[in-house]
Structures are given as structure tokens and as C-alpha cells.
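The values are calculated or read from the model by the stated rules, or taken from the named source; none is laboratory data. All values derive from a computational prediction rather than experimental measurement. When we count neighbours, we look across all protein chains shown, and the Cβ atoms used for this are built from the backbone with ideal geometry, even at glycine.
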There are 4 protein chains.
Amino acid sequence: MILDAILRQVSVRRDYGALAEYIAPLGRIDPGKFGIAVAMRDGGVISVGDAEEPFSIQSISKVFALTLALGKIGDALWERVGREPSGNRFNSIVQLEYENGVPRNPFINAGAIVLCDVLLAGHEPKEAIGETLRFLRFLSDDDGILIDSEVAAAEKTGGFRNFALANFMMACGNLLHPPELALGVYFHQCAVAMSCRQLALAGRYLAFGGVNPSTGRSVVSPQCARRVNALMLTCGHYDGSGDFAFSVGVPGKSGVGGGILAIVPDVASVAVWSPGLNEHGNSKFGTAALQTLTTEMNWSVFG
Amino acid sequence: MILDAILRQVSVRRDYGALAEYIAPLGRIDPGKFGIAVAMRDGGVISVGDAEEPFSIQSISKVFALTLALGKIGDALWERVGREPSGNRFNSIVQLEYENGVPRNPFINAGAIVLCDVLLAGHEPKEAIGETLRFLRFLSDDDGILIDSEVAAAEKTGGFRNFALANFMMACGNLLHPPELALGVYFHQCAVAMSCRQLALAGRYLAFGGVNPSTGRSVVSPQCARRVNALMLTCGHYDGSGDFAFSVGVPGKSGVGGGILAIVPDVASVAVWSPGLNEHGNSKFGTAALQTLTTEMNWSVFG
Amino acid sequence: MILDAILRQVSVRRDYGALAEYIAPLGRIDPGKFGIAVAMRDGGVISVGDAEEPFSIQSISKVFALTLALGKIGDALWERVGREPSGNRFNSIVQLEYENGVPRNPFINAGAIVLCDVLLAGHEPKEAIGETLRFLRFLSDDDGILIDSEVAAAEKTGGFRNFALANFMMACGNLLHPPELALGVYFHQCAVAMSCRQLALAGRYLAFGGVNPSTGRSVVSPQCARRVNALMLTCGHYDGSGDFAFSVGVPGKSGVGGGILAIVPDVASVAVWSPGLNEHGNSKFGTAALQTLTTEMNWSVFG
Amino acid sequence: MILDAILRQVSVRRDYGALAEYIAPLGRIDPGKFGIAVAMRDGGVISVGDAEEPFSIQSISKVFALTLALGKIGDALWERVGREPSGNRFNSIVQLEYENGVPRNPFINAGAIVLCDVLLAGHEPKEAIGETLRFLRFLSDDDGILIDSEVAAAEKTGGFRNFALANFMMACGNLLHPPELALGVYFHQCAVAMSCRQLALAGRYLAFGGVNPSTGRSVVSPQCARRVNALMLTCGHYDGSGDFAFSVGVPGKSGVGGGILAIVPDVASVAVWSPGLNEHGNSKFGTAALQTLTTEMNWSVFG
């Protein structure tokens, strides 16, 4: 079976890519970890490797934050964040200055900080964090999803660049709450820990027209699901998004914890985890595994 | 039927968008022109409006030039041009300087000039131009496709910015032929005139796994077709590519003549033409028509 | 006499330029205020207008902070801040990213924040602030120089862009103390209030080879004075520095409070104040007054 | 005597810096060449080393082109070129795009191409070139000044980046003649060969208030001389201008042929030549020699 073949291929390789050592706990992960889980329409999950082990989802959380933010303020969101690929590194501040504090898309750090500002909606950070966590538990039907407080603390300690981005947007009038509050939400979202199984289950609403196929209940409109998928495809892998679309061919969102959530519309939601990163900050083996999977299964959205 | 409904919607609108007046002949086109053609797998073409009238395909030619260039040098192309969205205007020279003369993707002007340099392959410009023209006639099965020499001349007259791009890349060692030769090919490619019908027919190999469905003969490999589609989706509409993916949801490539070629994998190849452009230089009504079409037909690749 | 003529010229003009309203107390200053003071080698001060009225010296404080920082760590400073004009607005963050957190010169905001980090030297902000204040009082021989606490508070309230700069440099490893401490010093330095008379007296060491001509005692080495003057000439007026050199022809440093300190080597130290600013953020009438003064007196360093 | 001491210091050093090998004839110069000439008010010239040997003046020609262009159109020039340091490399095209084809100052390549466009004034390139040559011969009182045609040819052969700059400005409407004509003048100006003696003599009008002190006749107004000096100080050494002002302390203009013209107002005009360049493209030993000279003679304009 294809997942076993992928696991065999990966298990002999040692060229893992680099760990995200600037967040201390992520630098201590065993680079040999590898898991993949595929959640099908019927609720079944096929998985191999370390698919039950929680890892830090990091920027993958931006997909769920975007979904929640669109639920809160709808298309008004697009006045505060763009929908275009950035052509820059994930934490670049250059573009913010040229475009007056409006991030190019919701999946670069600055854009996700705006999403957190939307989620705050006048409340305390812990309420917004709680809402995100409840949403993830609901989507995965799993109350075991937690925030890794050590990671959250490390995000803050090393988060000067994110403080710079948030303060810059505040100076431009594109945050409604003090930077430290929006960042409080941001750092905790990044620190959510999920297993491949949980993540694949959580992504099903994007694969199946906004509906949770287990319950048949709508999570978001079909149009909203399509749009989130479109943004994942054009902007989901930072400045390696074009490459991911070219080689893997499905919408995906990566995190520097080494996870990737990939959506195969009408077919499956896939989560993969391998902690080593390539030069764009995306999981090296995770990308390779998805490329093999979509090629072998003929799952590319491009024919 | 949906195309008639689209034609009715468009025919009452007068907010055409701006013509590409910096290329003189394009500035004299009737902004009220509108045509759309859908080429199906079985070879049938459904069309409405001015779908038989040739227009200047401009940057849509880059799709075919990319296909030919990949056929000539394969993956070696990617050492000379990237695969990432640009995050800049179509003719920006800033990115070229920051990335040492390597254009971000083959669909911005600088990237397409590299494609033309590849097509030259030591020959005269007229041979490379002839090859492109033969390829288009073959794909459309229509020997009536011609180059508009008035447009080609106007491209050259007003092409100082493209001369700047080509000379800059030459300075960086990323052109193998003198800039004026690569530009000679480039200006003539942009000046190819095709109707929506011809263009929709020409695009079928991208919709159907690299195969011309009429003849059943392979034009390119399925992988090559997928990859061109991926690049169209992430980079096909300049700095409005993210927006097009978000709102239309299929691979597409626009030209400042007002045409758009859109690919619905496994379903259809679509060409639309309306000369007025939006702020990103893409056909305003053309984009709207495609949005209606893909929404009504449920043709988005994103589910 | 020339100063009276300048005062007459200015007193009939009403095209003051814009107040720095983003710092609230500066937005409430009477734009009609105007003062100028010229401190000569013999200790005499000639002045007209509102030359005894304290105003917020803002970025002029960077000249004195630079002098103190050079005294603390000497040429090691130049590993943390450059000596080149910036080619950008005073608070641009773009350059910082392109040059990895090293500000182009000590007179743009980011550069001055580095100076404040040097002045901290492991102590509390209030000690570094006190040191600056003592230095200014010593140079002016005037213990009446104070910090305007309302201005200091307003600097902090509206200082998100400076928070962004400081956090960005911290992320790059170019601050040794927490951003809020360096900024604490920075905001208070900017809020020092001095009159034209006090400021002209304070600047004499730069005009007279590093020596306070009243006492004959050396403040800094002649070489140090020359170098500070050189930096004032090339970088002292943000992105209007070239223009100031071109039209006024002597080293100068402006502040958004409307003050300018100008140095005429071997001749005089001049301070002028008029709160309205030109498009580069430099005092509009202040610049004009200095142009008249240096032209009439033949004081340009350029012959 | 000071020049002899400088010659002795230089003669033992072998860390010449890099030759400008991208212009082939400049790459074949003996890096051990060194000359310096000081032209005094009384017409006397003191010199040591290879001060009689012609070298390629390259960008130093921009000083004389600026003088001629100001003579032709006066302050109207400043609508087409700025007066601010660039904060970028001498041949950067990035700034041109951000500022719509208006070069930041007349001493970067793009700015000098505008000067050449002004000098053309509707005539043939050879007339504009002839005018420049006549001006240099007049200033030096030496008819032996020639253009090195081999260098001029090499400038053109390797001038793709300058072609890019010129075409870009043409696209922005900031050239009045075809790019190849303005570049024809530009390439020949850069190829003028002069000795240190000739160059020092030619620069005297800038040191002495616009007057040729030998004849007592005015070349330009005192104000014009001051302004050219101001631009030399702020912009004369590309992105090393701040450093030159900081360490040498007088107006200067360098060329990649290894020459520097330095102006000591009211005292002397100095030319130095050493072909090896530092990281900013300015003569390495030439800068060091001038630093020693201005320090020992107390010639800094900064006191």
C-alpha cells in the first residue's frame, strides 16, 4: 500500500533538513520522527509511522484561524489583509512598509497576527485561544488536543520579529488591540500540539465542501472552503508556495514544526509530519511524501 | 444556457475597465467586444459573442512558449527562471536585481524573455517565431492564426521597459543571445492574434493530461501539463494571481489584450475576451465571466 | 544686522509647514514661533525672536547621544551602526531588513536606538537619561535644561513604529538590552526641551575642534568633532540631507520639534527654531533662515 | 614633505584592492601605479609618483558633465534628477523603479545618463562628446586630453546594465533622446583619459569659487561651484560617500579607473590615482592617501 511504501522510502533517509532551532523546544525533537495520516470521506483514517504523536502545528493553525476570522467578520477581513502570494520570506517586514501595514495574505506571520486581532474582538487573549482550541477539538472530535505551554513561552521569548511586525501594523492602524494581546493569541495558537490523525480529521471540512462528513453538518459554506483551499494553494508554503503547487499539486499549509496539512478536494484530508525543514521552512520529507502520494494516487488538482 | 446568461449579464455593463493604451493598436479596440468559447473533451466548442474574432493574445502566448521551452531543455529551464509568484507588477525590475537576474516565474515579462532566449537556440528570431506559430496552428488545427505586424511593431516602439529587463538579465548572464534577438521573438509572440475558439482549442492539451483529445495524440507528458497548470494558477495573473485563484478557482493566464485562457482539468479549456482591464492588468469582464462560469458549473479545482 | 533681517523676512510669512501632530504636544505649538541664536567663539550669543523659549529638541538629541556613545565604546560603535546616508525616510524599516538589523547611520531612528542601547551599558534607563541631561547642562553651562514629561509620554504612546524598529534589531542581535529599556532612554532624550540659546551654546564643541571655547577645556578630540560634523552633513536631515548640504552648506541636525542645530566650523554654532516642517520632516523656515544666514555670511564649508 | 611621505607609505603596500575587470582594458592596468597631484591657487602643481600618466577618469567625468548640464538648463535639471545620496550601489535599478525613473543624484550611473541626455540637446553624440572634451582641455589648459577608444568600446560591450538603466528611464519619460544616443555620450565621457596633473588643474574652479585662478576668469558662479562641491561630498563616492566624508572630510568624486578628484575649498584641487578599488568601488590607496593628506594638512571642511 502507498503509505507503507512512503514510510519505507523515508525510513532509510538521513538528510532530514534543519530543525526550527530558533524555537528551543522544536530544536530538541528527534529529526527521525515521521508520520502520515489520510482521513477519508467515510470517516476512516489510514496512517503509518508516528501518526498518533502530537507535534507543534505552528503555522498550520493559521488555516483554522482564517476560518474562524471569516466566520466573525466575513469579507470585511479583506480590507485588512490581502490574498496574494508574498514573494518574500514568511516574516519579512519589507512588504508591510511598502503596502502600509496591510499584510499580503493571512498565511504569513503578519497576516496571521491580524487574524488573531480579529479573533480577540474585544475579549481577553485566553478567550480567543480557548475558542480556537474548542474549534480544533470539535473538528477532530477529540478533546485531547492541548497547547504546549513550553512552546508558547519559547515563541514569546524569541518572538522579537513578530513583536516588530505587530508594532508596525499597530503604527499603521491595522490592529485594533494592543500588539501584546494579538501576539498572546498568536503565540498560543502556534503552540497547539496535534497528531497527524487529529490534524487530518480536523481538515476534512476543507476537503468536503465545508461539511464535516462524519456528522453531515456544515462547518462553513462550500464557497468558504473553496476559498481557504485557494489561499492554501497560492500562499500556504511561504516563498515555496509555487514550488509546492508545482510538485505536489494540492492545497497545503505547512508549519515550522514540520507538519503539513494537505487537502485533496472531494477525496481526502492528509496530514504529514517530519521535523526537518527545507530552505523555505517547509517540511522536507513531508513535502516529498506528499509528492509521492499525490502522484501515485493521481490526486493533483491540476489533472 | 450558462454562456448566454453570461453574455446577457455582460452586454448591459459599461464599466469596461481600461484598455492597454500603451500599445497603440490595443487602445483602439472597441471595449464592448466580448466573446467566450468552451472546448470540450469531445472536440466540440460552445461559444457566444465575438468568439470568432481574432484578438491580440499578448501574455497568453507565454503558456505556449513555456511548453515549447520545457520541450527543448526540460528541467534545466528552472536554473534560469523560478516557479514562485512574484509579489510585484508584471514588468517590475526590482525583483530581478534582488535575485541576480533570475525572474521569479516564466509568466512575468522577464521570465518570458528567458523563454524566448531558450526558443532561439542559436537560430534567427524568425525561426523561433515560426516554431511558435506552427505550434499554435497545430494545437488549434487552424492554419489561419497570424501575427499582427502592427501590434508587433508597437510592442517594440513602446518596449523600453522590456529592453531594460532584457539588458539587465544580459548583464547578469541569464540570456544567451543578444537582448534584441530575444526581444524580437518576444514582441512577435505577444502579437499573435487568435479568436476565443482558436485559443480554447489550443488549450485542450492542458485540460486533458497533455493529450490532444481530438487526435488522441500526446502533446506533452501528463506531468508537464499538470505543472504548466500549477504555474498558471499561482502565477498566471501577475499580482492578481491570488485573487483569480480565490474567485475563479481554476488555472488561467491573462493577456493585456483582454483575453484569458482558463483550464478546467479533465473537463474543458475555456477562452474569454473582453478588452477592458482591471487594476492588475487582467480582463475585467473576462474574470467576472469566468467566475460566474466556474461557480455555476461547479468547476473550481478547490472542491 | 543679518539676524534682524531674517526675523523680518520670516515674520511676514504664513506658509509655516506642518506641525508634527503625531506627537500630540508638538501639534499644539504656535506655528508662528521663531527664534535663532548664534554662539561665537568668544562665548557671546547673538539672538533674535523666541530664542529663549524652550522647545522639544527631538532628534537633535542624537548628536549628543552619538558623542556620548563614541566616548563610551569608540570605534566599536561602527560595528553596530553604519555611516552612510539612508536613502529612506527617517523611520523606515525596509533598510534594516536588507542590512540585517544594522542601521545605516546613527541619525535615523533605528541608529539612535542603538546609541541609547550603548548608553544603557547595563544600567537603568534613568541613569542613562540623567547622563545625557548632565552632558547637555554642562555643554550649555545651564542647569535649567529639563525633560518635558508630557512629550516623553506622548513619544511612547505613539511610538509603535519605534517599538517595531527596536524589536526588529533585537531579533537581529543588535540590541544588548530589552527593547523597552533602550526605547525608554530614546523617548526621554527626544523629549529634552532647550532654547535656541542653550542649544547653540551646547553645540560649540563641534564648531571649535572639540573644545568648549569658554573654558578652553576639551570635550572630545578634534577628530571626533570633525567626524560628528561629517555625519551631520551627510545624514543630519533624513532623506533631505543632500538638499540641506546643497542649499545651506554646513553640517546640521534637525528635529521634528522644528529645531535645527547647524555648525559652522571655526566660526559659530547656530540654533534655529520654527515648528512647521517641510516634506522631509525638517523645519521649513529654519532651513530657509539658515540658507540666508550662511549665504550672506559666506559660511558654507564648500567655498 | 607630505606627498613624498604618502608615496613612501603606499609604495610598500601590496593589498591594492580589486581592479575594475568588468571593463577589460581597466583590468590590465598595473595595480602598482600611484600618482597624486595638488593644484594650488597660484597655478603651481605639486605632484609625486605617476602623476603625469593618463588614466581612465570614468565617473569623475560626471562632475564636469554636471557643470555643463547646469550651464545648459540650470535648475530645471533638478526636475529630472535628485540631489540625495542613493543608499544603493552605483548601478542599482531598484531605486529608479521606486522613484519612477528619476535618479537620486547626478553621480550615480542613471543620473549621469540624464546629464548626457541634457548635453545632447538635439545634436549628435559626437558633438556632445566634443563639447565635454573641449571643456576639460580648457580647464586644464592642456590640449593633450584624449578619449581612449578602446575603453569606450569596452564600456559599450559590457554596458548591458547601463542599457537597462537608460531604457528604464526612457520608459518613464525621463530621456529626451533614444537611449543609445545618451549612452553613446556616456560611454565616451567615461573613457576620457587624464593624468593626475591634468585632473587637478581641471578641478580648480571648484576649489576657488568658480574661478580659474590662473586666468582670473569665471567658469561658473560661486554658488554653482559650492553646490557641485556639496553634491560631491554627499554623493561622490556611491554608497561609500558617508565614509569618505567621515574619514577624508572634503568633497570628492571617484571613478572605477582608480582616480579621485578632491576639492579643498579656497586651498587646492587634488587628484590621486591608484587602480585598485575597495568594496564600494572607490580607489583604496587613493582614499587612504587623501585621508593622510587632509589630516596632516588640516584640510577637512569639518574643522
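When the stretch A:172-185 is examined, which residues are found to be within 14 Å of chain C (Cβ to nearest Cβ) and either without any contact (Cβ under 8 Å) to a residue 24 or more places away in the chain or over 9 Å from A:LYS156 (Cβ atoms) (or both)? Walk me through how you get there before you give the answer.
Going residue by residue through the stretch A:172-185, those that are within 14 Å of chain C (Cβ to nearest Cβ) are A:172-183.
Listed by number, the residues that qualify are A:CYS172, A:GLY173, A:ASN174, A:LEU175, A:LEU176, A:HIS177, A:PRO178, A:PRO179, A:GLU180, A:LEU181, A:ALA182.
Which condition from (1) within 13 Å of chain B (Cβ to nearest Cβ); (2) over 23 Å from B:SER247 (Cα atoms); (3) aliphatic (A, V, I, L, M) is the one that A:ILE113 breaks?
(1)
Looking at D:THR132, D:THR157, which is the one that is at negative phi, hydroxyl-bearing (Ser, Thr, Tyr) and over 15 Å from the mean Cα position of the chain (by Cα)?
On the way: D:THR132 fails: over 15 Å from the mean Cα position of the chain (by Cα).
Going through D:THR132, D:THR157 in turn, just one is at negative phi, hydroxyl-bearing (Ser, Thr, Tyr) and over 15 Å from the mean Cα position of the chain (by Cα): D:THR157.
For the stretch C:221-230, what are the residues that are more than 7 Å from every other protein chain (Cβ to nearest Cβ) and either modelled with pLDDT under 95 or surrounded by 20 or more Cβ atoms within 10 Å (Cβ to Cβ) (or both)?
C:CYS224, C:VAL228
Looking at B:ASP75, is it surrounded by fewer than 18 Cβ atoms within 10 Å (Cβ to Cβ) and outside any helix (DSSP H, G or I)?
Details: surrounded by fewer than 18 Cβ atoms within 10 Å (Cβ to Cβ): yes; outside any helix (DSSP H, G or I): no.
The answer is no for B:ASP75.
From the set of residues in the stretch C:134-160 that are closer than 13 Å to C:GLU180 by Cα and of a type outside the set (Ser, Thr, Tyr), which is surrounded by the fewest Cβ atoms within 10 Å (Cβ to Cβ)? Steps first, please.
Narrowing the stretch C:134-160 to residues closer than 13 Å to C:GLU180 by Cα: C:155-157, C:159-160.
The next check asks that each one be of a type outside the set (Ser, Thr, Tyr); those that pass are C:155-156, C:159-160.
Details: C:GLU155: 25, C:LYS156: 18, C:GLY159: 21, C:PHE160: 20.
Result: C:LYS156.
Do you know which residues across the stretch D:21-52 are under 26 Å from B:ALA171 (Cα atoms) and in contact with a Gly (Cβ under 7 Å, 6 or more places away or on another chain)?
Once the filter is applied, which keeps residues that are under 26 Å from B:ALA171 (Cα atoms) and in contact with a Gly (Cβ under 7 Å, 6 or more places away or on another chain), the stretch D:21-52 yields D:GLU21, D:TYR22, D:ILE23, D:LEU26, D:PRO31.
If you scan the stretch D:246-259, which residues turn out to be facing another protein chain (nearest Cβ under 10 Å) and under 20 Å from D:ALA200 (Cβ atoms)?
Narrowing the stretch D:246-259 to residues facing another protein chain (nearest Cβ under 10 Å): D:246-251.
Listed by number, the residues that qualify are D:VAL248, D:GLY249, D:VAL250, D:PRO251.
Within the stretch B:186-213, which residues are out of contact with any Phe, Trp or Tyr (no Cβ under 8 Å at 6 or more places or on another chain) and within 14 Å of chain A (Cβ to nearest Cβ)?
The answer is B:GLY203, B:ARG204, B:TYR205, B:LEU206, B:ALA207, B:PHE208, B:GLY209, B:GLY210, B:PRO213.
So in the stretch A:38-66, with the set limited to residues that are assigned to a loop (DSSP other than H, G, I, E, B) and surrounded by fewer than 22 Cβ atoms within 10 Å (Cβ to Cβ), which one is nearest to the other protein chains (Cβ to nearest Cβ)? Reasoning before the result, please.
Start the filter on the stretch A:38-66 by keeping residues that are assigned to a loop (DSSP other than H, G, I, E, B), which leaves A:41-44, A:50-54, A:57.
Checking the rest, the ones that are also surrounded by fewer than 22 Cβ atoms within 10 Å (Cβ to Cβ) come to A:41-44, A:50, A:52-54.
Numbers: A:ARG41: 12, A:ASP42: 17, A:GLY43: 18, A:GLY44: 19, A:ASP50: 29, A:GLU52: 27, A:GLU53: 29, A:PRO54: 28 Å.
Filtering first and then ranking leaves A:ARG41.
Results for (1) on the phi > 0 side of the Ramachandran plot; (2) aromatic (Phe, Trp, Tyr), shown as yes or no for each residue.
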site	(1), (2)
B:LEU7	no, no
B:ARG14	no, no
B:GLY17	yes, no
B:ALA20	no, no
B:ARG28	no, no
B:GLY35	no, no
B:ASP42	no, no
B:SER47	no, no
B:PHE55	no, yes
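Only one of these is part of a loop (DSSP other than H, G, I, E, B), within 14 Å of chain B (Cβ to nearest Cβ) and surrounded by 20 or more Cβ atoms within 10 Å (Cβ to Cβ): A:VAL81, A:VAL102. Name it.
Working: A:VAL102 fails: surrounded by 20 or more Cβ atoms within 10 Å (Cβ to Cβ).
So the residue among A:VAL81, A:VAL102 that is part of a loop (DSSP other than H, G, I, E, B), within 14 Å of chain B (Cβ to nearest Cβ) and surrounded by 20 or more Cβ atoms within 10 Å (Cβ to Cβ) is A:VAL81.
Does C:LEU206 satisfy the condition of being among the aliphatic types (A, V, I, L, M), over 16 Å from C:CYS116 (Cβ atoms) and either crowded, with 23+ Cβ neighbours inside 10 Å or in contact with a helix residue (DSSP H, G or I) (Cβ under 7 Å, 6 or more places away or on another chain) (or both)? So that I can check it myself, show each step before the final result.
On the way: among the aliphatic types (A, V, I, L, M): yes; over 16 Å from C:CYS116 (Cβ atoms): yes; either crowded, with 23+ Cβ neighbours inside 10 Å or in contact with a helix residue (DSSP H, G or I) (Cβ under 7 Å, 6 or more places away or on another chain) (or both): yes.
Yes.
Do we find a residue being in contact with a Ser or Thr (Cβ under 8 Å, 6 or more places away or on another chain), within 24 Å of B:GLY101 (Cβ to Cβ), assigned to a helix (DSSP H, G or I) and within 13 Å of another protein chain (Cβ to nearest Cβ) anywhere in the stretch D:91-99?
For the stretch D:91-99, residues in contact with a Ser or Thr (Cβ under 8 Å, 6 or more places away or on another chain), within 24 Å of B:GLY101 (Cβ to Cβ), assigned to a helix (DSSP H, G or I) and within 13 Å of another protein chain (Cβ to nearest Cβ): present.
Would you confirm, using the coordinates I've provided, whether A:ALA69 is out of contact with any Cys (no Cβ under 6 Å at 6 or more places or on another chain), within 17 Å of A:ALA152 (Cα to Cα), buried (at least 24 other Cβ atoms within 10 Å of the Cβ) and modelled with pLDDT of 95 or more?
Values: out of contact with any Cys (no Cβ under 6 Å at 6 or more places or on another chain): yes; within 17 Å of A:ALA152 (Cα to Cα): no; buried (at least 24 other Cβ atoms within 10 Å of the Cβ): yes; modelled with pLDDT of 95 or more: yes.
For A:ALA69, the condition - out of contact with any Cys (no Cβ under 6 Å at 6 or more places or on another chain), within 17 Å of A:ALA152 (Cα to Cα), buried (at least 24 other Cβ atoms within 10 Å of the Cβ) and modelled with pLDDT of 95 or more - is not met.
From the set of residues in the stretch C:145-161 that are out of contact with any helix residue (DSSP H, G or I) (no Cβ under 6 Å at 6 or more places or on another chain) and either free of Cβ contacts under 8 Å to residues at least 40 places away in the same chain or part of a helix (DSSP H, G or I) (or both), which is nearest to C:VAL211 (Cα to Cα)?
C:SER149
So which residues in the stretch B:238-273 are closer than 19 Å to B:GLN189 by Cα and modelled with pLDDT under 95, if there are any at all?
B:TYR238
Considering each residue of the stretch A:231-245, count those that are within 7 Å of chain B (Cβ to nearest Cβ) and either touching a Gly at 6+ places or on another chain (Cβ under 6 Å) or charged (D, E, K, R) (or both), and give that number. Give the derivation first.
Restricting attention to the stretch A:231-245, the residues satisfying the condition of being within 7 Å of chain B (Cβ to nearest Cβ) are A:231, A:233-235, A:239, A:241-243, A:245.
Those left that are additionally either touching a Gly at 6+ places or on another chain (Cβ under 6 Å) or charged (D, E, K, R) (or both): A:234, A:239, A:243.
So the count comes out to 3.
If I ask for residues that are of a type in the set (A, V, I, L, M) and more than 15 Å from C:VAL301 (Cβ to Cβ), which ones from the stretch C:229-260 would you list?
Hits for the stretch C:229-260 are C:VAL256, C:ILE260.
Only one of (1) crowded, with 22+ Cβ neighbours inside 10 Å; (2) over 18 Å from the mean Cα position of the chain (by Cα); (3) within 14 Å of chain A (Cβ to nearest Cβ); (4) at pLDDT 95 or above fails for B:MET169. Which number is that?
Result: B:MET169 fails condition (3) only.
Of the residues C:VAL248, C:VAL270, only one is over 18 Å from C:ASP50 (Cβ atoms) and either surrounded by fewer than 24 Cβ atoms within 10 Å (Cβ to Cβ) or not aromatic (Phe, Trp, Tyr) (or both); which? First the steps, then the outcome.
Values: C:VAL270 fails: over 18 Å from C:ASP50 (Cβ atoms).
Answer to the selection: C:VAL248.
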